[in-house]
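Right, one structure below, let's go through it.
Where a number appears in this text, it was derived from the coordinates with a stated rule and is not lab data. What you see is a predicted model, and the numbers here were worked out from it, not measured in a lab. With ideal geometry, Cβ positions are generated from the backbone for all residues, glycine too; neighbour counts draw on all protein chains shown.
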There are 2 protein chains.
Amino acid sequence: MSASGGRREPGAGVDIDRLFHALGDPTRRAIVDMLSARPHSVSKLAAPLNITLTAVAQHLQILEETGLVRTEKVGRVRTCRIENAGFVALEQWIEAHKSMWEKRFDRLGELLEE
Amino acid sequence: MSASGGRREPGAGVDIDRLFHALGDPTRRAIVDMLSARPHSVSKLAAPLNITLTAVAQHLQILEETGLVRTEKVGRVRTCRIENAGFVALEQWIEAHKSMWEKRFDRLGELLEE
């Protein structure tokens, strides 16, 4: 999908290109906000966002593909939950890119706390 | 800029909407990759990316606005470095959205390590 710099994070198997794209959308971040508090059904997600169930389903598909959300259908209700893989991939990306300065600064802070 | 869910992270003063947008672009992530290793001049950034100095300058402006990069002009050379504010904002966003499950899991891991 992305020849010009995109890559997979080995730790979580999440495409970092798609992950940042997924989180660049305010509606998808609002869904993540709601699910961070507790699991929701698709219709419970749609109501406060004031968008159609179809639109929510499309956002959920992108969030599922990037390891930020998982959904499970029991009977007629699809329940959505936060998934950790996407967050782990984000953390790994940050960790890999923190400047040497920042890392040294962290270590200094730890030494001062001891 | 974003009425439907975007917000400013108080800790770092970085707009999280613009931050994810900035990092959704593979060329901008490649610039961050290079600057994570060491500071570069604008022309040193442009060469391996095979894009014009103007294009690099536009990407750098977005990276500067989102606290990921800072640049400093000394004489005729503009030097680019990693800035920490954007990374701090990302970390804060992750921390605020980690599921309760994940937090409990982390704490369990710490207990087992003790």
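Annotation: extensible slack from A:Ala37 through A:Glu113 equals 24.1 nm (criterion: 0.36 nm per residue apart, minus Cα-Cα distance).
Distances between equivalent label points of B:Lys44 across the copies, with each point positioned 7 Å along Cα→Cβ, amount to 5.4 nm, shortest listed first.
Shielding value for A:86-95 is 4, the average number of Cβ atoms from other chains within 10 Å of each residue's Cβ.
The mean number of Cβ atoms from other chains found within 10 Å of a Cβ in peptide B:75-83 is 1, as a whole number. Listed by chain and number, the lysines whose C-alpha is less than 28 Å from the C-alpha of B:Lys98, apart from same-chain residues fewer than 8 away, are A:Lys44, A:Lys73, A:Lys98, A:Lys103. A label point on B:Asp33, set 7 Å along the Cα-to-Cβ line, lies at 3.3 nm from each of its counterparts in the other copies, closest listed first.
Just the projected area, averaged over all directions, of the convex hull on the alpha carbon atoms of segment A:11-98: how many nm²? One quarter of the hull surface, i.e. the mean projection, equals 5.8 nm².
Inter-copy label distances for B:Glu110: 1.4 nm (label point placed 7 Å from Cα along Cα→Cβ; shortest first).
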